[in-house]
Amino acid sequence: MVKKIMFSCLLLLTPWCVVATRAQSTSADWQIVAQAIDPANYYGITVANGMIGLVSSPEPMKVKDVVLNGAFDTYGRGRVSNILKVFNFVNMNLDVDGQRIGQKSISNYRQTLDMQKAVLTTTFDYQDKVSVQQQVMALRHLPYSTLTMVEITAKKDCEIIPMSVIETPENLKEVKNFYAEIDREHVTIRLLTSVAKSPSGKHTVAASNSFIFNEPHGQEPDVIHEDWDYNMHLAKFKKKLKAGETYKFSVVGSVSSTAHTADPHNEAERLTLFAALERTERLLMRHNAEWVKLWQSDIVIDGDPDAQRAVRSALYHLYSFVREGTGYSLSPMGLSGLGYNGHVFWDTELWMYPPILMLKPEIARSILEYRFERMAMAKQNAFSHGYAGVMFPWESDADGQEATPVWALTGPFQHHITGCVGWAFWKYYQVTKDKEWLRTRGYPMLKEVADFWASRVEREVGPAGQPGKYHINNVIGANEWQENIDDNAFTNGMAKTSLQYASQAAQELGLTPNPDWKVVADNIPILKFPDGTTRENRTYSGVMIKQADVNLLAYPLTIVTGEAAIRKDLIYYEPKYSPEGPAMGWSALATLNARLGDTDKAYNWFVKSYKPNEVPPFGVLAETAGGTNPYFATGAGGMLQAVLNGFGGLDINDAGITQLKTKLPKKWKSLTIKGVGIQRKTVQIQ
């Protein structure tokens, strides 16, 4: 039975039709709980604020990694820049009656991520003496700061010694540790600080933290500083507790580097002072208020709790890994670790960016600003390869240079990334209709992208001097298992599309587009087999593929149109997707089948895009089924597109965000999409 779409304007959301949400969220819908925690099979979940990523640990009162966005240096694999793993300034120790708690001495260990408030709560018991609750968050309103709140409840009389620790990872060098007490009439701030150099000495990195006590000034515990070695120092205090007594305190911390400020040592301490004097309640209030704003754009699935959890987790991670007003972009692993060296790929523009654009255009603008600010390096890259315009690197670092390891041929040859950047810029204009942005950002980018493709093609001359085919040879397409091939379907399709968008952008501004752009776009071939099926490249012979390539010409591109043509390509290529391929390949199939009305098949592909890739204990997404990497934000973006653009039917085009006629999976009673577009509309399908 076809499910009714709750719109009187079925195909075009102009004017929008707003309906009330019928499915009411419960607290369980917002929580991911890990109880049966096996330290040997543990993949942490991340709390992040777009600048700092804190990755959870199976060790009590610890985090595994602290990742700082925007700071890169050359170290690790491949002789290329890597995002910095910085001081772990969030870790804590706890002694109870002179004994250090540890993994083996605790019970009832439980960790819960509250996605609504972006806080990780850990609880456990230590013997028959204390119960502990620790809450950790990367403060959303303070991009460089974190908050940890601790409650210790005594089951019997005991003495506790909590410790705030700063540990130095192996990649940092020339470490200096500091401790200071700043006394004022009504407060004493105790600053624990570490400063070091990045591996090559390019950057200085600093972190600082401080206790926040609840006692009146003068009655706080005495704090002792211990400097163990250059890789670790701590501040600690002692407290005697009576049975049944609960003691609460907090720790605030901040991190900075010369990638962010000229004086990171003083900046980290100033930011920690600021946070400490804001006090815990005010920090919480402002942090929570920012997440309330973020969740005004949400996805609610009624009838399928597992899908709801997975979709909200995907959205939570994208919101956590990027923020408005930074000019930073998204790596495939976000801020969940050092995967792919923290570099920026096409994963951003084609997979993660579209859901953000539809739900948070203001954050999408930051992602585009990252590329705009690196146009000079992209021009140099084009010049070095003998082309005009901009040639964006396959792996981009903080400077926007090509940061792909030399042994990977994707760096010199995966040119479709430049088209993806141009495509993303026009999509932003389609959603926002911001003509001033188009004049100062959008068109300058699209012009350079078009000039690149006009110089990149190899032009045949046809009869009577007329243009022949304009080939794009010697590339690697979206299916990276086919190297150094000619006339790749996705590369050619994205080149044609970005050339057309550049002409549209010029006309929108009252400018005359370069007439050569249309000539080039019209003559770039999309190859076909004799039966009309799109051929992935000139020599493609039907082998297994890593991920979507040809099928991307139907969505998100519109090179292949019409149900018959789209189905023909799906029927041919679906069996050729390798089980070893990344998650977003399956989500592309889900989106296309949902748009064709094949809802059962679409739902199966949708589940395949996340379920086999979940790893314990939080179900974070690996890149591939059976993988073990940190959270794969690219897969999250693809899965969200399957919901928004597939089952939800949302489409970005020159009319803005419109809606196609679609059907929901049988399990789903309704799909509600909140905060769509710049008008923040609510869409519900039932």
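The values are calculated or read from the model by the stated rules, or taken from the named source; none is laboratory data. Just so we're clear, the structure is a prediction, and the values are computed from it rather than from any experiment. Cβ placement follows ideal geometry from the backbone for every residue including glycine, while neighbour counts extend to all protein chains displayed.
Listing for the model above:
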| item | result |
| --- | --- |
| Every pair of residues 6+ apart whose Cβ atoms lie under 6 Å, when the first sits in segment 600-617 and is aromatic (Phe, Trp, Tyr) while the second is in a helix (DSSP H, G or I) | Trp605/Trp586; Trp605/Leu589; Trp605/Ala590; Phe606/Ala590; Phe606/Ala642; Tyr610/Ala310; Tyr610/Met639 |
| Residue in segment 11-31 that is within 30 Å of Gly201 (Cα to Cα), assigned to a loop (DSSP other than H, G, I, E, B) and modelled with pLDDT of 50 or more present | no |
| Of all residues in segment 444-488 being hydrophobic (A, V, I, L, M, F, W, C) and exposed (fewer than 14 other Cβ atoms within 10 Å of the Cβ), the one that is nearest to Ile367 (Cα to Cα) | Val461 |
| Val55 being farther than 20 Å from Tyr42 by Cα, touching a residue at least 12 places away in the same chain (Cβ under 8 Å) and touching a strand residue (DSSP E or B) at 6+ places or on another chain (Cβ under 6 Å) | no |
| Among the residues listed as Val136, Val150, the single one being hydrophobic (A, V, I, L, M, F, W, C) and either farther than 24 Å from His260 by Cα or modelled with pLDDT under 95 (or both) | Val150 |
| Boolean, Ala622 is touching a His at 6+ places or on another chain (Cβ under 6 Å), closer than 30 Å to Tyr42 by Cα and not basic (Lys, Arg) | no |
| Count of segment 116-136 residues which are in contact with a helix residue (DSSP H, G or I) (Cβ under 6 Å, 6 or more places away or on another chain) and buried (at least 22 other Cβ atoms within 10 Å of the Cβ) | 1 |
| Condition met for Arg184 (at negative phi and surrounded by 13 or more Cβ atoms within 10 Å (Cβ to Cβ)) | no |
| Any strands (runs of 3 or more DSSP E) falling wholly within segment 63-112 and containing at least 1 residues that are at pLDDT 95 or above and within 18 Å of Ser208 (Cβ to Cβ) | 63-74, 92-96 |
| Some residue of segment 498-513 being in contact with an Asp or Glu (Cβ under 7 Å, 6 or more places away or on another chain) and surrounded by 15 or more Cβ atoms within 10 Å (Cβ to Cβ) | no |
| Some residue of segment 145-161 being under 19 Å from Lys64 (Cβ atoms) and of a type in the set (Gly, Ala, Ser) | no |
| Close pairs (7 angstrom Cβ cut-off, 6 or more residues apart or separate chains): in contact (Cβ under 8 Å) with a residue 60 or more places away in the chain in segment 378-393, surrounded by fewer than 18 Cβ atoms within 10 Å (Cβ to Cβ) and not in a helix (DSSP H, G or I) anywhere | Ala382/Ala388; Met391/His385 |
| All positions within segment 143-174 that are hydroxyl-bearing (Ser, Thr, Tyr), buried (at least 21 other Cβ atoms within 10 Å of the Cβ) and part of a strand (DSSP E or B) | Ser145, Thr146, Thr148, Ser164 |
| Given (1) in contact with a Ser or Thr (Cβ under 8 Å, 6 or more places away or on another chain); (2) more than 30 Å from Pro579 (Cα to Cα); (3) buried (at least 18 other Cβ atoms within 10 Å of the Cβ), index of the condition Thr658 fails | (3) |
| The one condition in (1) farther than 19 Å from Ser329 by Cα; (2) modelled with pLDDT under 95 that His385 fails to fulfil | (2) |
| Some residue of segment 624-642 being assigned to a loop (DSSP other than H, G, I, E, B), of a type in the set (Ser, Thr, Tyr) and surrounded by fewer than 18 Cβ atoms within 10 Å (Cβ to Cβ) | yes |
| Single residue of segment 280-330 satisfying the filter (among the β-branched types (Val, Ile, Thr) and in contact with a helix residue (DSSP H, G or I) (Cβ under 9 Å, 6 or more places away or on another chain)) that is nearest to Lys669 (Cα to Cα) | Ile301 |
| Selection within segment 402-418 - in contact with a Pro (Cβ under 8 Å, 6 or more places away or on another chain) and in contact (Cβ under 8 Å) with a residue 60 or more places away in the chain | Ala403, Thr404, Ile417 |
| Residue satisfying condition, being assigned to a strand (DSSP E or B) and over 21 Å from Leu192 (Cβ atoms), within set Gln116, Gln133 | Gln133 |
| Near pairs, Cβ below 7 angstrom, 6+ apart or cross-chain, from segment 188-205 (touching a residue at least 60 places away in the same chain (Cβ under 8 Å)) to any residue that is assigned to a strand (DSSP E or B) and of a type in the set (Asp, Glu) | Ala196/Glu174; Ser198/Asp73; Pro199/Asp73; Ser200/Asp73; Lys202/Asp73; His203/Asp73 |
| Within segment 40-62, considering residues that are modelled with pLDDT of 95 or more and of a type in the set (Gly, Ala, Ser), the one farthest from Phe618 (Cα to Cα) | Gly50 |
| Residue ID - surrounded by the fewest Cβ atoms within 10 Å (Cβ to Cβ), chosen from residues in segment 36-62 that are part of a strand (DSSP E or B) and small (Gly, Ala, Ser) | Ser56 |
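Quick grid of which residues meet (1) out of contact with any strand residue (DSSP E or B) (no Cβ under 7 Å at 6 or more places or on another chain); (2) crowded, with 21+ Cβ neighbours inside 10 Å; (3) basic (Lys, Arg); (4) touching a residue at least 24 places away in the same chain (Cβ under 8 Å):
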residue	(1), (2), (3), (4)
Phe249	no, yes, no, yes
Ser257	no, yes, no, yes
Ala262	yes, no, no, no
Glu267	no, no, no, yes
Leu284	yes, no, no, yes
Gln296	no, no, no, yes
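Listed here are the residues, each with its yes/no results for (1) over 17 Å from Val165 (Cα atoms); (2) part of a strand (DSSP E or B); (3) out of contact with any Pro (no Cβ under 7 Å at 6 or more places or on another chain); (4) modelled with pLDDT of 95 or more.
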position: Ile182; (1), (2), (3), (4): yes, yes, yes, no
position: Val195; (1), (2), (3), (4): no, yes, yes, yes
position: Phe211; (1), (2), (3), (4): no, yes, yes, yes
position: Asp227; (1), (2), (3), (4): no, yes, yes, no
